[in-house]
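Single-structure report; data block below.
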Amino acid sequence: MGQHPDVDGYVDVARTTAFAAPLPAIEMPPPTMSDDMIAMLTEGRHSDVAIEAVFEGAPPMRFTAHANILSQRSPVFAASLAHGMRESTTRTIIVSDVPPLVLKALLHFIYTDDVEQVRKVLQEENANGDAADISTAAPQHQAVLAAAHKYQVPRLLRWSEQQLCNGISDEMVCSLLGLAHLYEATALERNCLEYMQANMAEVVKRPEFSQLSPECLVKINLYCAGVEPAAQHVGGKRRRGE
């Protein structure tokens, strides 16, 4: 073998070897995690707990679920299923203050962490399948907000806040402010206060304005005076004379 031009007589295979054509691309299948988790919920695979929605004015609905998933995703479910609680023995959780469809949406989010799953469930209530109509969607999103607050699912709470912020109007702002105050929805509260400050002449004419709680009226006055909502809660109790 003749002398190779490379240093010390070694052949650099990486430089001298080349493929005649590029390797074919490998097509990745779409993710299935969300669908698989929904199937576990809806088909009851290996379920070990039942959730019964018994809401006034709506037909009851029963869901089969998994205690480990519920406990991991919601501290309230975790407490309900803890040892010593009735639900830990009966393996049945009775929910009487959440509409069945909203409870279904909550469970779909708990299993997938996907707000699109919530949209799909909420659309079931609308004959035309359009959940974008604010007159129809607002009550649903209010109920989702309440459910997310109750079961301490913060990401769903923030999403429902955003949906309600998109529907703030003269007619809705007072009820939304009361809702935000009740369920500690700080982003929704700030947007309502900002809207009220900009449209106060019209808002005060609404009959809903006279029905606001004293706490909400104080928040409106403070915000109009330049005190941010976050600052209104700082410091706890006030000293005597303040």
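The values are calculated or read from the model by the stated rules, or taken from the named source; none is laboratory data. Treat the numbers as computed from the prediction; the structure is a model and nothing was measured. Note that each Cβ is placed from the backbone with ideal geometry, even for glycine, and that neighbours are counted across all protein chains shown.
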Kindly list the number of the only condition in (1) modelled with pLDDT under 90; (2) assigned to a loop (DSSP other than H, G, I, E, B); (3) at negative phi; (4) among the small types (Gly, Ala, Ser) that fails for Ser47.
(1)
Determine which member of the set Ser88, Ser71 is modelled with pLDDT of 90 or more and polar (S, T, N, Q).
Ser71
Taking the range 147-163 as the region of interest, how many residues are of a type outside the set (D, E, K, R) and over 15 Å from Phe77 (Cα atoms)?
6
Yes or no: Ala58 at pLDDT below 90, exposed (fewer than 10 other Cβ atoms within 10 Å of the Cβ) and of a type in the set (A, V, I, L, M, F, W, C)?
no
Just to verify a result, which residue in the range 67-98, among those that are among the charged types (D, E, K, R) and touching a Leu at 6+ places or on another chain (Cβ under 9 Å), is farthest from Ala148 (Cα to Cα)?
Arg91
Every listed condition ((1) small (Gly, Ala, Ser); (2) at pLDDT below 95; (3) surrounded by 13 or more Cβ atoms within 10 Å (Cβ to Cβ)) holds for Ser210 save (3)
Scanning the range 21-44 residue by residue, those over 20 Å from Val121 (Cα atoms) and not aliphatic (A, V, I, L, M) turn out to be Pro22, Pro24, Glu27, Pro29, Pro30, Pro31
Which of the residues that make up the range 63-93 are crowded, with 18+ Cβ neighbours inside 10 Å and in a strand (DSSP E or B)?
Phe63, Ala65, Ile93
In the range 141-166, anything touching a Pro at 6+ places or on another chain (Cβ under 9 Å) and surrounded by 21 or more Cβ atoms within 10 Å (Cβ to Cβ) is listed as Ala143, Ala147, Ala148, Tyr151
Check whether at least one residue in the range 124-137 is under 22 Å from Met40 (Cβ atoms) and modelled with pLDDT under 95, and report yes or no.
yes
